[in-house]
1. Placing unit charges on C-beta atoms (Lys and Arg positive, Asp and Glu negative, everything else neutral), compute the dipole magnitude of the chain about its Cα centre in debye, rounded to 20.
2. Beyond 20 Å, how much of the Cα-Cα pair distribution for the stretch 83-164 remains, as a whole percent?
3. Could you order peptides 546-557, 353-364 by the average number of other Cβ atoms within 10 Å of their residues, highest first?
4. What pairs from 46/602; 46/110; 502/527; 50/110; 313/527 go past 18 Å between their alpha carbons?
5. Semi-axes of the equivalent ellipsoid for the stretch 472-607, please: Cα gyration tensor eigenvalues, times 5, square-rooted, ordered largest first, whole Å.
6. Would you mind computing Rg(Cα) / (2.2 N^0.38 Å) for the stretch 266-437, counting N as its residues?
7. In whole angstrom, how far apart do the alpha carbon centroids of the stretch 544-561 and the stretch 143-169 sit?
8. What order do you get for 61-74, 455-468 when each peptide is scored by the mean count of other beta carbon atoms within 10 Å, highest first?
Amino acid sequence: MCGIVGYIGQREVVPVLISGLESLAYRGYDSAGVVVVRDGELEAVKAEGKLERLVETLKGESLVGTYGLGHTRWATHGEPSERNAHPVMDSKGRLALIHNGIIENFLPLKKRLIDEGWEFTSDTDTEVVANLISSHLKGDLRAATQQAMAELEGMYAFAAVSTVSGQAEIVAARKGPPLVIGLGDDEFFLASDPAAVLAYTKRVLFLENMDLCRLTDAGPEIWDENGEPVERPAVRLTWDPIQAEKGGFKHFMLKEIHEQSQAIQDTFAGRVDFELNTVGFDDFALTPEEATQIQRVQILACGTSWHSGLVGKFMIEELARIPVEVDYGSEYRYRDPVVGEGVLAIGISQSGETADTLSAMEAASDRGAKLLAICNVPGSQATRVSDGVIYTHAGPEIGVASTKAFTTQLTALYLFALYLRQQRGMAIESELLSVLAGLPHAVAEIMESEAELEEMARRYSRLEDFLYLGRGINYPIALEGALKLKEISYSHAEGYPAGEMKHGPIALIDEDFPVVAIATGSRVFDKVCSNMQEVKARDGVVIAVTDRPAEELAEIADEVIQVPRSSDLLQPVVNVIPLQLFAYFVAVRRGADVDQPRNLAKSVTVE
Ligand code: M6R
C-alpha cells in the first residue's frame, strides 16, 4: 500500500525523505515522489517504477529545503505512471498532497469541482482531495483540511504542504490507514509505519482515527474528530534500527527466516515459569472467573495470520477445551455473526493495521465480544482498539511474505492456549513446556538443511503448479506453504486437506504437478502416507516433509525433507520452515522480486 513520509526540522529534507521511503518500500509501490517547499515555491519530483529511478531523477534537480513530503504509490485509481504519482498538486499550484487509501465519493466531488472551475490532470482520487482542500483554503491549511474531511467518504491517510499559509507546516489526517509521528529533538517525522522513522527516533505517537495533525518545528498539534485539541501518548519503540536492515542477507525474507529461532524464544521469554509450570503475561491477564466465562473463541485475521488462526484453533480446543471458529476478516465483516456474551474475539495481525481484520474486530466488539489482539507492531490500531494485547516479539518484519510473524503468532497462540488451560483450573504438564523450550533449537536445526533445500528448489523451479497436502493441524501449514510459494515465485500452488485429495484434485496429478505432503506426527501419519501412495500410483512426484527416518518414506516419496520432532501441537512451527525456504529458493531461481512481489502490499490498509 502507499507509503507516506514527511519531515520538518533542521536537516536537508530530501535525504531524510528518501531514507524513509526506502524503509517503506517493502509495503509495495509502483511510483514515488517527493515535494519540498522553498522560498514559497512547491518543488516536486516524481518517477514511475522503483525508488532508484526517483533518486536518479533527483540528481538532475536541486531540491533543497528543511521540510517536505515523500510518497510511494501503490496504484488503485489510475495506472502506475509519473502522471498519477504523488505528490499531487491542486490546479492553482497552492498545495501538494500525498495520500494512502481510497476516496469513495471522488466522482461526485470531482464533478462538482470541475463545475467550479478546478482542473484535473491525473486519474487519481488524490487530486480530488488536493483541489477540495484548496477550494477551502483561505490561508489556514488546517481549517481547510478540516472542512474537506467533512466531505470525504472512504478510508484515507494524507498529508499536505502549502505555500499559502506562509509558515513551515505539514498538515496530516487519517481515517483508517495508519499515521505515526516521530518525535526527535527539534525535528519531527511523519510516516505510514514506524519503520520509516526508526533511523532517527524511537519516540513516536500514533494518530487516532479522524485525527488531524499540524506539524511544525515546534512539534505536533492534534485535533480529534470533533475539532477538539487532544494529546496522544508518546510510545517508545523497542525495535532496534539494525533489525530493519538486511544484515548481510540477500533479501529481508531470508534474514527473517533465519531470525525465527530467536524471535520464537523472545516471544515466550519471560512469560513461562519452567519450574512452576505456569504461564503469565506482563501486560495482559484474565482472572480464573473471566477465563471460565469464555464459552467460544472467534479468531479474525487475513492471509498468513488467518493460517495461524487455523492452527490456534487446534491449540485452544485441545488445551483449553473451548470451541474456536476462525474467520477471514473480509468475510466476517459482511455477514451477521452470532456473537454475544461469553465470546472472546482474537484479532491476529502482524501489522495491526489490516483494514479487513480491524473491521471484523470492530464488528465482533459491537456485538458484545471481548477483544484480544495478537500483534507484532506496538501501538498499532489493533492494539489500541482491543481490551488486551499479546505482542509477538518478532521485531520489524520487512519482507512482504510473512515468515517470523507467522511462527511467533503460533508461539503466542500456544502460550495463550496454555494460559487459558491454567486459568480454567487445568494443570500445565511439564512436557507441554519442555517441548516449547526446545522449539528454538528445533527451528535452528532446520537451517542446516538450507543448501539441500536450495538444491531441491533448483530441480523444481521451472514447474508452474504445486499441490500442498496436510492433515489436521498441518492442513493450515499446507495452505501457508502454498501461499508462500505463489506470492513470491508466482508459481501456482494450492493447499488442500490431504484426505480431500481424492474428492477432486487427484485428477490434476501428473509428473509436472509435484505434491508437497506434510507427513509428521502420529495421529494421521499413516493416512498421509496413503495419500502419497495415491499420488505415486498416478505417476505423480512427491516431496515429503517428515519427522521420520527418510528410509521409511523411500518407496513413496521422491524427495524427503527431514525435520526435527516436536509435539503434535508445535510441529507446525517446525514444518513451515522448510516450506518457507523452498518457496524462497524457487522464487530466487525464477528471478522474482522476493521482498516486494508484484501487486502485493505488506499492510493492506484498504478494503
Ligand atoms: O499484518 P497482517 O498480519 O494483518 O497481514 C495479513 C496479510 O495481509 C498477510 O499475512 C499476507 O497474507 C502476507 N503477504 C502473507 O505472506
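Here, each number is a calculation from the coordinates, and none is a lab measurement. Note that the structure is a prediction, hence the values are computed from the model and not measured. Here Cβ is always computed from backbone atoms with ideal geometry, including for glycine, and neighbour counts include all displayed protein chains.
1. For the chain, the charge dipole is close to 200 debye.
2. 19 percent
3. Values: 546-557: 15.8, 353-364: 24.3.
In descending order of packing, they fall as 353-364, 546-557.
4. Working: 46/602 22 Å; 46/110 23 Å; 502/527 12 Å; 50/110 30 Å; 313/527 21 Å.
46/602; 46/110; 50/110; 313/527, as the Cα separations exceed 18 Å there.
5. 26, 18, 15
6. Values: Rg = 14.9 Å, N = 172, 2.2 N^0.38 = 15.6 Å.
This ratio for the stretch 266-437 stands at 0.96.
7. 61 Å
8. Descending packing order for the listed peptides: 61-74, 455-468.
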